[in-house]
1. If I filter the range 387-426 down to residues being surrounded by 10 or more Cβ atoms within 10 Å (Cβ to Cβ) and among the hydrophobic types (A, V, I, L, M, F, W, C), which single residue comes out as farthest from LEU220 (Cα to Cα)?
2. Being open to solvent by 50 Å² or more (accessible area, probe 1.4 Å) and assigned to a helix (DSSP H, G or I) is the filter; apply it to the range 295-316 and report the residue that is farthest from the ligand (Cβ to nearest atom).
3. Does the range 4-47 hold any residues that are loosely packed, with under 10 Cβ neighbours inside 10 Å and not in a strand (DSSP E or B), and which are they?
4. Using the structure shown, decide if ALA322 is of a type in the set (A, V, I, L, M) and either in contact with a His (Cβ under 8 Å, 6 or more places away or on another chain) or at pLDDT below 90 (or both).
5. Kindly indicate the residue of the range 317-365 that is in contact with a strand residue (DSSP E or B) (Cβ under 9 Å, 6 or more places away or on another chain), part of a helix (DSSP H, G or I) and open to solvent by 30 Å² or more (accessible area, probe 1.4 Å) and also farthest from THR380 (Cα to Cα) among those meeting that condition.
6. Restricting the range 262-297 to residues that are among the hydrophobic types (A, V, I, L, M, F, W, C) and modelled with pLDDT under 90, which is nearest to THR380 (Cα to Cα)?
7. If ILE374 satisfies all but one of (1) more than 30 Å from LEU238 (Cα to Cα); (2) away from the ligand (no atom under 14 Å from the Cβ); (3) open to solvent by 10 Å² or more (accessible area, probe 1.4 Å), what's the number of the condition it fails?
8. If I ask for residues that are hydroxyl-bearing (Ser, Thr, Tyr), farther than 17 Å from SER81 by Cβ and part of a helix (DSSP H, G or I), which ones from the range 169-213 would you list?
Amino acid sequence: MANTAELSVDGKSYEFPIFEGTEHEKAFDISNLRDQTGYVTLDRGYKNTGATKSAITFLDGEQGILQYRGYSIEELAAKASFLEVAYLLIYGELPTQEQYATFETAIRRHTLVNEDMRKIFDGFPVSAHPMSVLSSLVSAMSAFYPDAQDEKGSEDRHIIRLIAKLPTIATWSYKRSLGHPTNYPKNNLDYISNFLNMMFALPVEEYKVDPVVAEALNVLLILHADHEQNCSTSTVRLVGSSQANLYSSISAGISALWGPLHGGANQEVIEMLEAIKADGGDVSKYVDMAKNAKTTGFRLFGFGHRVYKNFDPRAKIIKKAADDVLSKLGVNDPVLEIAKGLEEAALNDDYFVQRKLYPNVDFYSGIIYRALGIPTNMFTVMFAIGRLPGWIAQWKEMRETKEPIGRPRQIYTGATLREFVPIEKR
Ligand code: CMC
């Protein structure tokens, strides 16, 4: 392989090094492009731009491969616990038993949230979307732990706090939406059981965690834990590159995730499937509407991916899990059949085939969340709990590798210099 690339412009030629990653992805290193040529690149939506080198997650969109730190997503989903995967992403290696015990115990001990945060929470309207509450309260954590801003090098405490407290905060919105009291965490429970207990336990009766539910949630959280430089992760890195603290950076990531074209798609999918059901279940009508997206403005939510152009490996695992979980729980959800029908109709349609549009991670995840008893407006919150270790790992790597502050360029297309006209003459 050549190790330089030549660029010829205005009769002059320039050489740029070629960088090759460990999985043989190749990139032109144009770090000095503007200095040398006076030009910048124009790459809207960064479709061709590697914004960083990273040793955390590898994905190959053509082959449908996803690996965290070299471990396949299929193997991790089948064999690991979510906190093991969190440790792997953040610290680079699977934990030994001792490392795991220390990490897990620290998380158990930090689940309680400052009571003054409750007062902030009480100020939100009952109708507030749980994602707006989540991003606001995570941002507020930087006011409760101001040392996060000045501390250099001892970020572990903040990492533990965030992982420990996010589920606690997340459950508050759900409980209040029902008019039920919120539950305090129980530190004798493991991470997932503790979350389920805070979500579903009531003071008036015993709540026992169903192992089928806990296992399904473990898999879903692992599948969402990282996905290299997507919209929310790039946001976390960009905000963090100004040396903003961990809480502020993650809060920004939560906001980016909320959008319906990103993590918010899981809520949109269920709402779309419900609408199809209410409309008589005719999937072809919706496939046609999506094919005319330019005029109808309608897209099939849960379909298509910026990177995966063959299949999304997470969707494969989740589709199978949806069948397993629903049958084990004895849930018969008619939208599962509608989803399968929609998938089949789209996969046999030229429009979707030509554009390489396949079901993504969000297409079946909502059906599982629903079977677990998690309400639709909490789906993206579940995504955020899953994605947190990935955001943290990326933020930490960005600091450790001393990435420069993020500051893309632009090509200006506005008015050229003109004279100011006083208001009375306009
Ligand atoms: N339904 C109908 N048409 C679509 C869809 C869809 N879901 N997705 C893309 N297209 C069409 C699009 O109209 C365009 O057609 P044309 O070439 O004729 O203009 C072509 O496919 C390429 O679309 P694009 O928007 O340029 O593709 P992208 O790679 O920039 O967008 C996407 C990726 C995920 C934003 C997009 O596929 C989409 O909007 N999907 C629906 C929302 C969704 O499910 N998001 C969750 C993504 S996975 C979770 C995560 O973000 O982590």
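The values are calculated or read from the model by the stated rules, or taken from the named source; none is laboratory data. Every value quoted in this text rests on a predicted model; they were computed, and no experiment measured them. As a convention, Cβ positions derive from the backbone with ideal geometry for all residues, glycine included, and neighbour counts pool all protein chains shown. Note: accessible area is taken over every heavy atom of the protein model, side chains too, but ligands, DNA and RNA are not part of it. Shrake-Rupley method; radii C 1.70, N 1.55, O 1.52, S 1.80 Å.
1. Among residues in the range 387-426 that are surrounded by 10 or more Cβ atoms within 10 Å (Cβ to Cβ) and among the hydrophobic types (A, V, I, L, M, F, W, C), the one farthest from LEU220 (Cα to Cα) is MET398.
2. LYS316
3. ASP10, GLY11, THR22, HIS24, ASP35, GLY38, LEU42, ARG44, GLY45, LYS47
4. yes
5. LEU347
6. ALA265
7. ILE374 satisfies all of (1) more than 30 Å from LEU238 (Cα to Cα); (2) away from the ligand (no atom under 14 Å from the Cβ); (3) open to solvent by 10 Å² or more (accessible area, probe 1.4 Å) except (3).
8. Passing the criteria: THR171, SER173, TYR174, SER177.
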